[in-house]
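Here, each number is a calculation from the coordinates, and none is a lab measurement. Remember, it's a predicted structure, so these values are computed and weren't measured experimentally. Every residue, glycine among them, receives a Cβ derived from its backbone with ideal geometry; neighbour counts consider all protein chains shown.
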Amino acid sequence: MTGFLSSPNFTLFCAFINAFFAINSFTNGSWVFGIICTAFCVICTKNYFSVK
């Protein structure tokens, strides 16, 4: 299970989920949660590219 959680594909999946929540939050007017999700999306994306 730890191999799956540390795989680059799971990190990319987390980045897509965070991007979806960020876009959804911005369209609903929740700016703080949108900024938080955007930050996590950037962290996951950077992690994905550093592993690859």
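Assorted remarks:
- Leading residue by the ranking (farthest from Val51 (Cα to Cα)) among those in region 1-22 that are surrounded by 14 or more Cβ atoms within 10 Å (Cβ to Cβ) and not aromatic (Phe, Trp, Tyr): Ala22
- Among the residues examined, Cys44 qualifies as among the hydrophobic types (A, V, I, L, M, F, W, C), surrounded by 15 or more Cβ atoms within 10 Å (Cβ to Cβ) and in contact (Cβ under 8 Å) with a residue 24 or more places away in the chain.
- Verdict on Ser25 being in a helix (DSSP H, G or I), loosely packed, with under 12 Cβ neighbours inside 10 Å and either more than 10 Å from the chain's Cα centre (by Cα) or among the aliphatic types (A, V, I, L, M) (or both): no
- Residues of region 1-31 that are in contact (Cβ under 8 Å) with a residue 24 or more places away in the chain and among the hydroxyl-bearing types (Ser, Thr, Tyr): Thr11 alone.
- Of all residues in region 8-18, none satisfies being touching a Gly at 6+ places or on another chain (Cβ under 8 Å) and not β-branched (Val, Ile, Thr).
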